[in-house]
Every structure is written in C-alpha cells, then in structure tokens.
1. Based on DSSP loop calls and a cut-off of at most 12 other Cβ atoms within 10 Å, the longest stretch of the chain free of exposed GluC sites (Glu not before Pro) is what?
2. How large is the accessible surface per residue of region 62-203, computed with a 1.4 Å probe and reported in Å² as a whole number?
3. Carbon and sulfur atoms: what percent of the 1.4 Å accessible area of the chain do they account for?
4. With the Cα gyration tensor of region 1-105 giving a ≥ b ≥ c as the square roots of its eigenvalues, does the rule (a/c under 1.5 for rounded; else a/b larger than b/c for prolate; else oblate) give rounded, prolate or oblate?
5. Relative to the longest principal axis of the chain, what angle (0 to 90°, nearest 10) does the C-alpha long axis of helix 16-26 take?
6. Return one number: the angle in degrees, 0 to 90 and rounded to the nearest 10, between the long axis of the Cα atoms of helix 51-66 and the longest principal axis of the Cα atoms of the chain.
7. Count neighbours as other Cβ atoms within 10 Å of each site's Cβ, and list the trypsin sites (Lys or Arg not before Pro) in region 25-100 that are DSSP loop with at most 12 such neighbours.
8. In the Gaussian network model of the chain, springs joining C-alpha atoms below 10 Å, which of K18, K183, K115 carries the largest mean-square fluctuation?
Amino acid sequence: MRKFTEKKLVIASHNAGKIQEIGELLIPFGVEVISAGALGLDEPEETEDNFVGNARIKAHFAAAESGLPALSDDSGISVDALGGAPGVYTADWAETPNGRDFPMAMEKVWNELEKLDAPTPHNAAFNCTLCLAWPDGQDEVFEGIVRGQVVWPMRGKHGFGFDPVFLPDGETETFGEMDPAKKHGMSHRADAFAKLVAGCFDR
C-alpha cells in the first residue's frame, strides 16, 4: 500500500458538497487541498458502469492534468426495489439543462417506488469509492457503504444529494437532519475514508 507523503492534494470533483466534506476529513493530516474546479480542470466523461471504474477515471485524469496526487470520490444511492438504481447514475438522475436538481431526483426515486408499489421499508445503501491516484499512474482504491432506507417526504436541510431521504439503519434522523459531525462519523464516505487513512496516511 503506497503512503501519501506529499503536502498538496487535488480533490477530483466539481461538487461543492463533496469537496467540503472531504476537505474537512483531511484537516487532521495537514494536507493542502485544492479542487479540480479551482485548477480549471474539465470533468472527464465517466464511462464505466461501476463506482470503482468511474472513481479511477476521475482521479487519474486530475493527477495527470495537475501533476499532483488526486483523490476522487464516486458515490451514489442504490435502492433495492429499483434493482440497485440509481447507483452509479445517481448524479445523472439529478441532471437538468440548468444544472443538478437533487430534490427533483429524490422525487423521481420516490415516484418509481410508488409505481412499483414496492413494500416498505424501502431498503437502500449509500456507496462511496475513493481513489487516490498519483501522476505516475499508481492508485489505491477504498470502498465504503452504509445501509438504510429511503423515506418520504424529504427531511432536513443538512448534507447534500440524497441525504434528506436516507435514513441509516438504527437511526431516527435522516442524513439531512443529522448533525454533520455525526454523519461524518458514520457515513459511506467516512467508512471509505477510514480505510484510506489506515492504508495511505497512517505512518
């Protein structure tokens, strides 16, 4: 497992919520974080049908373009009754001509469940794959997951994406209602990040 020894890291994302969350998780390690957007990097086309493949595309593109190590995050919500959809296409479900509209995407998921008359609870999982890539082409990949259910209506103003409709197992608050510090301690991203830290940052 390759250790991260550099002082600067590119977050290979243009998603402000992800950039903030990952940046906060990296604070203890004294790493200077810069986003792909701040560097003016394009967003590469995500052509894989799985989280690992798309995470690798984004991290390697940002590392090659910037000449710096890059960390990407490919994540999404997979709903059991929808055959795992939206999954890797979670962000696509939110796309509109004017940018991403996640309230619309959450409503779309709920409408699909109602159309199927799917039994409750609507079991689901948030998946997160982190890829840390270096300009020389090497990478390390870490996967995290948190299980729960989709609830309706949307609840809470915290978080981003599908957080307001995701109720983690054993909890009474959605990720959208939950104190961000608590969410950071138990989320799919926290799970993947703990594995990243153990593999690449712990000296």
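The values are calculated or read from the model by the stated rules, or taken from the named source; none is laboratory data. Everything quoted here is computed from the prediction, not taken from an experiment. Please note: Cβ atoms are built from the backbone with ideal geometry, for glycine as well, and neighbour counts cover all protein chains shown. When the accessible area is computed, the model is the full protein with side chains, heavy atoms only, and any ligands, DNA or RNA have been set aside. Shrake-Rupley method; radii C 1.70, N 1.55, O 1.52, S 1.80 Å.
1. That would be 46-203.
2. Per-residue value: 44 Å².
3. Carbon and sulfur atoms account for 49 percent of the accessible area of the chain.
4. prolate
5. Here the helix axis deviates by roughly 60 degrees.
6. Tilt relative to the chain: about 40 degrees.
7. none
8. Among K18, K183, K115, the largest mean-square fluctuation in the Gaussian network model of the chain belongs to K115.
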